[in-house]
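For reference, the structure discussed in these notes is given below.
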Amino acid sequence: MSASAPRRDTRGIVDPAGLLSRVRFRRHLPAPELRAHLEHYWLIDWELPEPYTSHVVPHPSVNVVFQRYGPPATGHASAEVAGIGLGLFAHELTGTGRVCGIQFRPGGFRPFAPAWPVSTWTGRRVPLTDVFPDATSPAAVLTPDEDHARVAALDAFLLAHGPAPDPAADHAVELVELARSDRTIRRAAQLAAASGLSARSLQRLFADRVGVGPKWVILRYRIHEALERAEAAGTTGTPDWAALAAELGYSDQAHLVRDFTTTIGVPPTAYARGPSVP
């Protein structure tokens, strides 16, 4: 699997207009030999007169994050492995800062850290050196001001640590992409049938290589789509939530509203009136 350009959607970002008006956000593709395992690199720089809290509904992806909070000379720099976030992720940005992130494809992280099931990291954020003891220093990635130099440093880090051949991880990547792109896949049983695996084998594959179960992945992508529809409602008119619920595989509108509200913190109709979270 490869790509000629990074994706440009804002799926998963709550109030993307608010975030993008405050920070410089860019995506870049990694080296060609890494693209089967990575979604993209994401770079953020900010200089804010007042604090801003961003909210994200995480993708079913592991991220490696190099971050600096504060000015280059005195700010605190660190690096971590961020496992799949199960709930809404909120993060306050203040003053000056920089983040350089690696978003792996769902299933794509295991070839770089083959010693552990990916579920080991789910819901956790751990220092990068806990997973890669000889990892590059955060400064090597965060110091350059040019995007191409930061991308080169991220490429060098990853190429020094893999990827190890892993046909099972490759299969997991393909199945998650199927769940993301095929709107007829609405239940884990359908994904199991498409994969040629039993339901139990599919669960094991997802725990080991993705980090969450297939049902969770399917529902998360549907919430992303519902969030995007609610975001667009301000310009395209109020969606037919009952029709959207059926389209996304929910048994009724109430179940969609429940999952959306549980994940985002407000019902979809309230979000559509003006993106906000409690």
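The values are calculated or read from the model by the stated rules, or taken from the named source; none is laboratory data. On a predicted model such as this, the values are computed, not experimentally measured, just so you know. Quick reminder, even Gly has a Cβ in these numbers, built from the backbone with ideal geometry, and neighbours come from all protein chains shown. Note: areas computed on protein heavy atoms with side chains; ligands, DNA, RNA excluded. Shrake-Rupley method; radii C 1.70, N 1.55, O 1.52, S 1.80 Å.
Out of Arg183, Arg209, Arg150, which single residue is closer than 23 Å to Ala135 by Cα, of a type in the set (D, E, K, R) and touching an Asp or Glu at 6+ places or on another chain (Cβ under 8 Å)?
On inspection, the qualifying residue turns out to be Arg209.
Take the residues in the range 94-128 that are within 23 Å of Ala153 (Cβ to Cβ) and β-branched (Val, Ile, Thr); name whichever of them is farthest from the chain's Cα centre (by Cα).
Thr96
Return the only residue of Val210, Val141 being under 26 Å from Glu225 (Cα atoms), open to solvent by less than 50 Å² (accessible area, probe 1.4 Å), β-branched (Val, Ile, Thr) and modelled with pLDDT of 95 or more. First the steps, then the outcome.
Working: Val141 fails: under 26 Å from Glu225 (Cα atoms).
From the options Val210, Val141, the qualifying one is Val210.
Could you list, in sequence order, the residues of the range 115-138 that are free of Cβ contacts under 8 Å to residues at least 60 places away in the same chain, part of a helix (DSSP H, G or I) and open to solvent by less than 40 Å² (accessible area, probe 1.4 Å)?
Val131
Kindly indicate which of Gly12, Gly101 is buried (at least 16 other Cβ atoms within 10 Å of the Cβ), within 23 Å of Glu174 (Cβ to Cβ) and small (Gly, Ala, Ser).
Details: Gly101 fails: within 23 Å of Glu174 (Cβ to Cβ).
Criteria check complete, one pass: Gly12.
Pick from Val23, Val14, Val62, Val57: which is out of contact with any helix residue (DSSP H, G or I) (no Cβ under 8 Å at 6 or more places or on another chain) and in contact (Cβ under 8 Å) with a residue 40 or more places away in the chain? Steps first, answer last, please.
Values: Val14 fails: out of contact with any helix residue (DSSP H, G or I) (no Cβ under 8 Å at 6 or more places or on another chain); Val62 fails: out of contact with any helix residue (DSSP H, G or I) (no Cβ under 8 Å at 6 or more places or on another chain); Val57 fails: out of contact with any helix residue (DSSP H, G or I) (no Cβ under 8 Å at 6 or more places or on another chain).
Result: Val23 is the single residue among Val23, Val14, Val62, Val57 that is out of contact with any helix residue (DSSP H, G or I) (no Cβ under 8 Å at 6 or more places or on another chain) and in contact (Cβ under 8 Å) with a residue 40 or more places away in the chain.
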